[in-house]
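Peer 1: Please find one structure pasted underneath; my questions will follow.
What follows is calculated from the coordinates using simple rules that are stated; it is not laboratory data. Just so it is clear, the structure is predicted and the values come from calculations on it, not from any experiment.
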């Protein structure tokens, strides 16, 4: 399995980073790649077999989609394994380095867009997450 990796070092403790990544109250504030997009709705059942559903939408209402998945494995504050709604694998790892937390996301690329484009988009979302966590 060829996985694409994106990573960020966040100036925040592990507990905060985990909470902001898993709590839908926070997800709606960071889960988009560009300023002309937003995440107007998010639900998250953080249990093995539970699902998350994040609405990703253009602010001009021209396009939206449900990014969703089912949790396969949860090791609290360490890693999460997900089966994305279209059948692709995703893993998120949280690593405390003291004052900072490193978040690494790995995912199977889809076949519609170039891998570099997918990696750039996911990195933009992760960078948005980093900025949100560090500013709140």
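Peer 1: Do the sum for the chain: with -39,500 (n - 2.57) for every DSSP H run of n ≥ 4, divided by all residues, what is the mean residue ellipticity at 222 nm, to the nearest 500 deg cm²/dmol? Display every interim value, and only then the final one.
Peer 2: On the way: 3 runs with 34 residues, N = 136.
About -7500 deg cm²/dmol.
Peer 1: From the square roots a ≥ b ≥ c of the eigenvalues of the alpha-carbon gyration tensor of the stretch 91-136, which class results: rounded (a/c under 1.5), prolate (a/b over b/c), or oblate?
Peer 2: Details: a/c = 3.86, a/b = 1.83, b/c = 2.10.
In terms of gyration-tensor shape, oblate.
Peer 1: State the label only: which of (1) 42, 33, 29; (2) 38, 35, 25; (3) 64, 31, 23 corresponds to Cα extents along the principal axes in Å computed from the shown model?
Peer 2: (1)
Peer 1: Quick check: Cα centre of the stretch 17-60 to Cα centre of the stretch 100-136, how many Å?
Peer 2: Using only Cα atoms, the two centres lie 13 Å from each other.
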